[in-house]
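For reference, the structure is listed below as structure tokens.
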Amino acid sequence: MKRRYFGTDGIRGQSNTYPMTPDLAMRVGIAAGTIFQRGSHRHRVVIGKDTRLSGYMLENAMVAGFTAAGVDAFVLGPIPTPAVAMLTRSLRADIGVMISASHNPYEDNGIKLFGPDGYKLSDDLEMKIEDMLDRDISEHLAKAENIGRAKRVDGVHDRYIEHVKRTLPRDVTLQGLRIAIDCANGAAYKVAPAALWELGAEVVTIGNEPNGTNINLNCGSTSPVALQKKVDEVRADIGIALDGDADRVIIVDEAGTIIDGDQLMAVIAESWAESQLLRGNGIVATVMSNLGLERFLDERGLSLARTAVGDRYVVEHMRQNNFNVGGEQSGHIVLSDYGTTGDGLVAALQILAAVKRTGKPVSEVCRRFEPVPQLLRNVRISGGRPLEDSQVRKAIADAESELARNGRLVIRPSGTEPLIRVMAEGDDRSQIERIVGGLIDVISSVRTAA
């Protein structure tokens with residue numbers, strides 16, 4: 001079935017514009033609250049959010065929806081997405097909600113749902129919720145005596161900080177490290193600096209003054225220039241850039257060089273393999289991860305399993321095949337020994353542990369392989385299925401044949417925009433540029449002709 005509301009990471013859109021309206025948020029609360037009522041106990045939901053202005057509006061709407069369905073709402077306030085997943089399990093909740101549009105600008109917002117196990121919902125459960133949203137749901141409203149209660153929960157920041165600190169051995173401290181951290185004016189603006197400080201680091205913080213409209217604005221993992229400048233200014237040993245809901249991380253080394261998720265996964269995989277902590281004899285990443293990562297792992301007898309783009313597909317493969325490290329080039333890294341979803345702060349601590357253990361600078365620790373030249377370009381489409389055209393299929397087959405074992409080609413429709421994404425990588429940059437340019441021309445000509 002075609003999905004009307006849910007995308008690859010929950011429901012997302014421009015705030016106060018359909019479908020990201022208070023009305024739909026309330027209906028999601030009623031629908032999800034109804035579906036997750038299993039048994040005769042008092043049911044509960046935990047609701048967190050990031051720092052967007054629209055979060056107040058959507059939070060209240062979702063509290064109204066869940067309580068109308070007879071579910072008690074535990075309201076957490078601004079807190080990272082991985083904290084919501086963790087607290088869903090810790091508080092024995094039946095469902096968890098994160099109100100966030102992740103790395104998007106403040107005008108957008110979204111709704112992410114977690115089951116009682118702390119994992120994002122399956123496609124089947126999302127379709128059950130979707131099926132209720134456009135129907136008359138008045139029959140699912142609780143009787144007056146069964147309406148849910150709402151309670152703001154105190155101390156959740158401290159609980160998450162303790163959880164994060166426990167992901168490191170007790171004998172590991174961050175003393176002697178000067179860390180610059182960019183919290184993207186988002187959900188981790190309080191907890192991330194506090195956790196690093198409690199572990200002994202000297203912490204310099206930027207992006208920690210949210211005002212409702214500056215989340216991800218010229219800051220955070222999608223715009224690390226401000227962090228690069230701060231690292232240079234204070235001569236930090238490392239820079240850590242989180243995104244708006246803190247489920248992804250990008251590192252800046254002491255020289256100001258950006259280190260992406262592929263390099264971070266390489267560091268963690270090698271470290272965990274040496275410590276015999278790595279399960280699955282490898283890691284899970286998406287089709288967008290660099291070929292250099294695959295070669296690096298192969299040289300060490302480790303595998304790289306690739307999935308479709310989206311952390312939910314990474315996590316699904318990890319769960320089915322007993323991997324405990326996975327993620328995306330964007331810095332969305334999942335360490336399933338410590339959580340059920342990406343956690344930028346926990347991933348950063350694993351990198352810091354490697355730095356402390358080796359005593360080497362971040363630039364040396366985190367440059368595990370030389371990335372293969374990679375080029376990604378987009379073709380905007382207005383309709384149709386250009387990838388099914390015979391001319392396009394032939395051009396793709398010819399390109400794949402030319403790259404052979406020296407590179408990779410990934411062509412896919414965007415899951416969020418009317419675009420065809422064309423990505424190629426290989427050892428010869430000029431060859432990659434020529435191949436991508438040729439494919440763009442062919443797809444564009446088919447689109448124009450249609």
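The values are calculated or read from the model by the stated rules, or taken from the named source; none is laboratory data. Just so it is clear, the structure is predicted and the values come from calculations on it, not from any experiment. Cβ sites come from the backbone with ideal geometry, for glycine too, and all protein chains shown count toward neighbours. Protein only, heavy atoms only, side chains kept; ligands, DNA and RNA dropped before computing areas. Shrake-Rupley method; radii C 1.70, N 1.55, O 1.52, S 1.80 Å.
Here are a few things to note about the model shown:
- Sole residue being without any contact (Cβ under 8 Å) to a residue 60 or more places away in the chain and closer than 27 Å to R89 by Cβ, chosen from G148, G155: G155
- Filter result for S289 (within 19 Å of R248 (Cα to Cα) and of a type in the set (G, A, S)): yes
- Matching residues in segment 417-439 - criterion: being of a type in the set (V, I, T) and in contact with a Lys or Arg (Cβ under 8 Å, 6 or more places away or on another chain): I420, V422, V436
- Scanning segment 260-285 for residues that are open to solvent by less than 10 Å² (accessible area, probe 1.4 Å) and either within 22 Å of N218 (Cβ to Cβ) or assigned to a strand (DSSP E or B) (or both) returns G261, G282, I283, V284, A285.
- Scope segment 324-340; condition in contact with a Leu (Cβ under 9 Å, 6 or more places away or on another chain) and open to solvent by less than 20 Å² (accessible area, probe 1.4 Å); matching residues: N324, V325, G326, G327, G331, I333
- Flag for D23 being surrounded by fewer than 17 Cβ atoms within 10 Å (Cβ to Cβ), in the same structural domain as M86 (by the TED database) and modelled with pLDDT of 95 or more: yes
- Checked against (1) among the small types (G, A, S); (2) under 30 Å from E145 (Cβ atoms); (3) crowded, with 23+ Cβ neighbours inside 10 Å, G10 passes all but a single condition, namely (2).
- All of I432, I411, I420 fail the test of being touching a strand residue (DSSP E or B) at 6+ places or on another chain (Cβ under 8 Å) and assigned to a helix (DSSP H, G or I), apart from I432.
- Checked against the criteria, A348 does not count as of a type in the set (A, V, I, L, M) and open to solvent by 10 Å² or more (accessible area, probe 1.4 Å).
- Selection of segment 119-172 for residues being within 30 Å of L352 (Cβ to Cβ) and polar (S, T, N, Q) yields only T167.
- Residues of segment 1-36 that turn out to be among the polar types (S, T, N, Q), over 21 Å from the mean Cα position of the chain (by Cα) and over 26 Å from K143 (Cα atoms), as a count: 2
- Just one of the numbered conditions (1) charged (D, E, K, R); (2) surrounded by fewer than 20 Cβ atoms within 10 Å (Cβ to Cβ); (3) out of contact with any strand residue (DSSP E or B) (no Cβ under 6 Å at 6 or more places or on another chain) is not true of D343: (2).
- Total residues in segment 364-394, condition open to solvent by less than 70 Å² (accessible area, probe 1.4 Å) and either closer than 19 Å to L439 by Cβ or at pLDDT 90 or above (or both): 15
- Every pair of residues 6+ apart whose Cβ atoms lie under 6 Å, when the first sits in segment 102-125 and is at positive phi while the second is crowded, with 16+ Cβ neighbours inside 10 Å and β-branched (V, I, T): G118/T88; G118/T340
- Scanning segment 279-325 for residues that are of a type in the set (F, W, Y) and over 15 Å from F369 (Cα atoms) yields Y313, F323.
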